[in-house]
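Engineer: Sharing a structure, written as structure tokens. Questions coming.
The values are calculated or read from the model by the stated rules, or taken from the named source; none is laboratory data. Source: prediction; values computed, not measured. Note that we place each Cβ from the backbone using ideal geometry, even for glycine, and neighbour counts take in every protein chain shown.
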Amino acid sequence: MKKIYYLVTVAAILFTSCKKAMLDETSKDKITQDAVFNTPEGLSTAVTALYNLDRNIFRNDAESTVWTSFIRAEDITVTRAGSGIGFARYDNTINASTSQVRLFWSHYYTIIERANKIITSGEQQGLTNAEVAQAVAEAKVFRARSYFYLFRTFDRIILNTEPTTVDNLERTYTPANPEDVYALMYSDLDYAISKLTYNPQNIGRYTQGVARHVKAQVALWKKDYEEAALQADEIITKGPYKLLTDPGDIFKGANLNHTEAILVSQWDRAAGGSAGNPVGHRLAQYFVPNYFKQAGILVSDANGGSAWGRTYPNPYLLSLYSANDKRLAAFYKLFWVYDNPSTLPAGKTLGQRVTASNASIYFDQLYPACFKYVDQWTKLAPNEAQSFKDIIIYRLAETYLIGAEAHMRLGGANDVTAVKYMSDLRSRAGLGPFNGAVTEDLILDEDARELSFEGQRWYMLKRLGKLVERVKLYAGDPAVNAIQARTGIQSYHVRWPIPQSEIDNMKGKGNFTQNDGYPQ
């Protein structure tokens, strides 16, 4: 199989505004939107463009969408700085006019709008054509995933399955019934499951495994534990996936399309940009402190490369690991040592552990780091900011945790399958077989140990009704005076405000008002 990078200039052009073209009676382009949406080949091109669009959640680097969609203050992180730091402190900068809120909302609704066009056009062409059915299936996964992100983040959303045309610009806006949102996501994912295979022609495309994994996630939110268990079991027992033997291999390398990966965002310097100016992502920088400010430490791949020092694993997270848990060394760098003879401070020796003179310097420069995104494979030099290392979106370890929880909900703490799934994960971590009771607390702890910094913790705590409680108990780190989240979080922070620009656009066109707790 070949890896696909989604550099589709034609499709990108076709998805841009056509206001100028509407003034001309005939198009001077050889390829028009009609050609794209009225042929099987065109629909395939349009779907490919969606993958490129979706990567913008990581590619746009002004800490706009990455910052807020990937890591939000929960119980296992501490945040030092960044343009979106209000989301880590739960202060009054989280409001309807915050740019990150608007960008998150518009990112996923843009995907939904384009997916709607593909789905509608595909249905008009006829789903008996295999290429059309494939395009529609992938578009339905895009739509389901986008609605799932929006629903979990805002609670009250707009549900629309029709592409926007001049005939339906004037709409009445009413918050969607949650059951209708679930019904659409289930329907979209069921169709995708029936049409997609586990092994796509191009790596990185949506597969049956992706559709089943997302449906298992959705089912947990719906408290449909039978469906969550069914989908997790199907992936684990019948899918082509397998847990890697060593946790240290999960994030090792530029190409992360290994047996544990279910969905991977594809990146490549050669094919990842345009006009000779490739644009990567900067995820590694967020989670590594500014160690390079310390004399005697090299800027090196072993030390994490270029860094911004935004968000780190907090003491509570690190306390959850036993000393023999392989994930502790695999996922984190806990301290730095002097390794640069040319700048070695007087009285220090190479290999000696670096210590900070005060808490502020420690927080900025020497705090433990998450190394899941550190890249020594694609960067041209250790101090280069951007990376073209793949990003794992879903992996089998999460499926195991979904399955363990679903079976525990159905069969109790000693359910055989729940215990087996938990045992498989913990054995891989070097902790030996597990024969105890699978409880909600154990699942929460194992989720933290396995999936920290992978973007799902905030949602899990919200789903279980524990976000406010656990933020107040564990968020941040008192030792570095970073406990603003503990005192700042309010009950309404379990959902984001609706962007003010959207409220303004909907004013007088229905009953869509601002979420409770935020200024109306």
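Engineer: In segment 463-474, what residues are assigned to a loop (DSSP other than H, G, I, E, B) and under 20 Å from the mean Cα position of the chain (by Cα)?
Structural biologist: Once the filter is applied, which keeps residues that are assigned to a loop (DSSP other than H, G, I, E, B) and under 20 Å from the mean Cα position of the chain (by Cα), segment 463-474 yields only Leu464.
Engineer: Related question: From Ala144, Ala133, Ala88, Ala81, grab the single residue that is in contact with a strand residue (DSSP E or B) (Cβ under 6 Å, 6 or more places away or on another chain), in contact (Cβ under 8 Å) with a residue 40 or more places away in the chain and assigned by the TED database to the domain that holds Tyr191.
Structural biologist: Exactly one of Ala144, Ala133, Ala88, Ala81 is in contact with a strand residue (DSSP E or B) (Cβ under 6 Å, 6 or more places away or on another chain), in contact (Cβ under 8 Å) with a residue 40 or more places away in the chain and assigned by the TED database to the domain that holds Tyr191, namely Ala88.
Engineer: While we're here: Taking the stated definitions as given, is Leu473 exposed (fewer than 14 other Cβ atoms within 10 Å of the Cβ), touching a residue at least 40 places away in the same chain (Cβ under 8 Å) and closer than 28 Å to Tyr362 by Cα?
Structural biologist: Yes; evaluated as a whole, the condition is true for this residue.
Engineer: Can I ask one more? Out of Phe104, Phe58, Phe15, Phe87, I need the residue that is closer than 29 Å to Ala307 by Cβ and modelled with pLDDT under 90. Which one?
Structural biologist: Within the list Phe104, Phe58, Phe15, Phe87, the selection yields Phe58.
Engineer: Answer yes or no: is there a residue in segment 403-415 that is crowded, with 16+ Cβ neighbours inside 10 Å, modelled with pLDDT of 95 or more, acidic (Asp, Glu) and in contact with a helix residue (DSSP H, G or I) (Cβ under 9 Å, 6 or more places away or on another chain). Explain how you work it out, then say what you get.
Structural biologist: So the first thing to find is which residues in segment 403-415 are crowded, with 16+ Cβ neighbours inside 10 Å, and the list is 403-409, 411, 415.
Applying the additional criterion that residues be modelled with pLDDT of 95 or more yields 403-409, 411, 415.
Now restrict to residues that are acidic (Asp, Glu): 405, 415.
Checking the rest, the ones that are also in contact with a helix residue (DSSP H, G or I) (Cβ under 9 Å, 6 or more places away or on another chain) come to 405, 415.
Yes, segment 403-415 contains at least one residue that is crowded, with 16+ Cβ neighbours inside 10 Å, modelled with pLDDT of 95 or more, acidic (Asp, Glu) and in contact with a helix residue (DSSP H, G or I) (Cβ under 9 Å, 6 or more places away or on another chain).
Engineer: Turning to a different aspect of this structure: Return only the number of the condition from (1) touching an Asp or Glu at 6+ places or on another chain (Cβ under 9 Å); (2) assigned to a helix (DSSP H, G or I); (3) outside the structural domain of Ser360 (by the TED database) that Ala254 does not satisfy.
Structural biologist: Unmet for Ala254, out of (1) touching an Asp or Glu at 6+ places or on another chain (Cβ under 9 Å); (2) assigned to a helix (DSSP H, G or I); (3) outside the structural domain of Ser360 (by the TED database): (2).
Engineer: Can you confirm whether Ala448 is of a type in the set (A, V, I, L, M, F, W, C), assigned to a helix (DSSP H, G or I) and outside the structural domain of Phe512 (by the TED database)?
Structural biologist: yes
Engineer: Let me confirm something: among Glu162, Glu170, Glu113, which residue is acidic (Asp, Glu), within 28 Å of Gly42 (Cα to Cα) and either touching a residue at least 60 places away in the same chain (Cβ under 8 Å) or not in a loop (DSSP other than H, G, I, E, B) (or both)?
Structural biologist: Exactly one of Glu162, Glu170, Glu113 is acidic (Asp, Glu), within 28 Å of Gly42 (Cα to Cα) and either touching a residue at least 60 places away in the same chain (Cβ under 8 Å) or not in a loop (DSSP other than H, G, I, E, B) (or both), namely Glu113.
Engineer: Determine if segment 173-191 includes at least one residue that is surrounded by 13 or more Cβ atoms within 10 Å (Cβ to Cβ), in the same structural domain as Leu150 (by the TED database), over 17 Å from Pro240 (Cα atoms) and of a type in the set (Asp, Glu).
Structural biologist: Yes, there is a match, as at least one residue in segment 173-191 is surrounded by 13 or more Cβ atoms within 10 Å (Cβ to Cβ), in the same structural domain as Leu150 (by the TED database), over 17 Å from Pro240 (Cα atoms) and of a type in the set (Asp, Glu).
Engineer: Among Ala135, Ala81, Ala144, which is the only one that is within 21 Å of the chain's Cα centre (by Cα) and either of a type in the set (Phe, Trp, Tyr) or crowded, with 22+ Cβ neighbours inside 10 Å (or both)?
Structural biologist: Numbers: Ala135 fails: within 21 Å of the chain's Cα centre (by Cα); Ala81 fails: either of a type in the set (Phe, Trp, Tyr) or crowded, with 22+ Cβ neighbours inside 10 Å (or both).
Result of the check over Ala135, Ala81, Ala144: Ala144.
Engineer: Can you name the residue in segment 232-263 that is surrounded by 20 or more Cβ atoms within 10 Å (Cβ to Cβ) and of a type in the set (Val, Ile, Thr) and is also farthest from Leu53 (Cα to Cα) among such residues?
Structural biologist: Out of the qualifying residues, it is Ile236.
Engineer: Separate question: Of the conditions (1) within 20 Å of Leu318 (Cα to Cα); (2) crowded, with 16+ Cβ neighbours inside 10 Å; (3) out of contact with any Cys (no Cβ under 9 Å at 6 or more places or on another chain), Pro478 fails just one. Which one is it?
Structural biologist: (2)
Engineer: Where residues in segment 385-426 are under 17 Å from Asp445 (Cα atoms) and either hydroxyl-bearing (Ser, Thr, Tyr) or part of a strand (DSSP E or B) (or both), which of them is nearest to the chain's Cα centre (by Cα)?
Structural biologist: Among them, the one singled out is Thr399.
Engineer: Within segment 287-299, identify whether any single residue is surrounded by 14 or more Cβ atoms within 10 Å (Cβ to Cβ) and of a type in the set (S, T, N, Q), and answer yes or no.
Structural biologist: Scanning segment 287-299 turns up at least one residue that is surrounded by 14 or more Cβ atoms within 10 Å (Cβ to Cβ) and of a type in the set (S, T, N, Q).
Engineer: Of all residues in segment 308-336, count the ones that are within 26 Å of Asn481 (Cβ to Cβ), in contact (Cβ under 8 Å) with a residue 40 or more places away in the chain and not basic (Lys, Arg).
Structural biologist: 14
Engineer: Could you run through segment 234-270 and say how many residues are acidic (Asp, Glu) and within 20 Å of Arg205 (Cα to Cα)?
Structural biologist: Taking segment 234-270 first, the residues acidic (Asp, Glu) are 234, 246, 249, 260, 268.
Those still in the list that are within 20 Å of Arg205 (Cα to Cα) too: 234, 260, 268.
Result for segment 234-270: 3.
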